[in-house]
Amino acid sequence: MKKLIYILLTLVFLSCKTEKKDVYLEYNGEIVKVKFGNSKGDSTYTGFGGDNYPSGNIKSMSYFKNGKQTDTLYYYYENGKVKEKGLVKNKLSFGWWSYYDNNGKLTKKSEWIILKDSSYKNQSLYFDKNEDTIIGPSTFFEIEISDTLKLGKNAGRIKNYVTNYNNRASNLLSVILEFNNKII
């Protein structure tokens, strides 16, 4: 039933050619009302908004709070399939982003971190057509450390470390924990 409602809402959306119409779409498992057109330029707008392709098909969608994108940002192919999705904070990508081909298959996941008002790729996982990890182009690590850290020294170990860098100096991994006013 939920899929039927989603399909009907998608068909209604695809038949709408005006940019300022409100449309209902699925967002993180819920059906939400989306405002297209001027939601980005309105510093008072709180709700779901996004952009369209010239054809009227959805191009992007996110939740806005006081005119700023928060939570998950979705980008779509012209065919309506999700192209990429991930979290945004102050217009910057952060956390894990997922990337898909135009048929909806997961092709890559990248973790983004924010340092000094810029977003940097921290690690990436590439996937084959069965969505199994392709080790060759992937760069990732897993750190095993207690979920409770104490002031002073804490022991941890690198569980997995995969890199595609050939330069030996690039194979170094640094982990920095900053302690500030006894808060980690």
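The values are calculated or read from the model by the stated rules, or taken from the named source; none is laboratory data. Here the structure is a predicted model, which is why all the values come from computation and not from measurement. No Cβ is skipped: glycine too gets one built from the backbone with ideal geometry, and neighbour counts run over all protein chains shown.
Per-structure values
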read-out	value
Residue within the stretch 158-181 that is at pLDDT below 70, hydroxyl-bearing (Ser, Thr, Tyr), surrounded by 12 or more Cβ atoms within 10 Å (Cβ to Cβ) and in a loop (DSSP other than H, G, I, E, B) present	yes
Counted residues, the stretch 59-100 - those being farther than 24 Å from residue 33 by Cβ and either in a strand (DSSP E or B) or at pLDDT 95 or above (or both)	9
Condition check for residue 56: within 24 Å of residue 105 (Cα to Cα) and part of a loop (DSSP other than H, G, I, E, B)	yes
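Rundown of residues vs (1) surrounded by 13 or more Cβ atoms within 10 Å (Cβ to Cβ); (2) assigned by TED's automatic domain parsing to the domain that holds residue 49; (3) at positive phi; (4) in contact (Cβ under 8 Å) with a residue 40 or more places away in the chain, yes/no style:
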{"residue": "75", "(1), (2), (3), (4)": "yes, yes, no, no"}
{"residue": "100", "(1), (2), (3), (4)": "yes, no, no, no"}
{"residue": "105", "(1), (2), (3), (4)": "yes, no, no, no"}
{"residue": "110", "(1), (2), (3), (4)": "yes, no, no, no"}
{"residue": "113", "(1), (2), (3), (4)": "yes, no, no, no"}
{"residue": "117", "(1), (2), (3), (4)": "no, no, yes, no"}
{"residue": "130", "(1), (2), (3), (4)": "no, no, no, no"}
{"residue": "146", "(1), (2), (3), (4)": "no, no, no, no"}
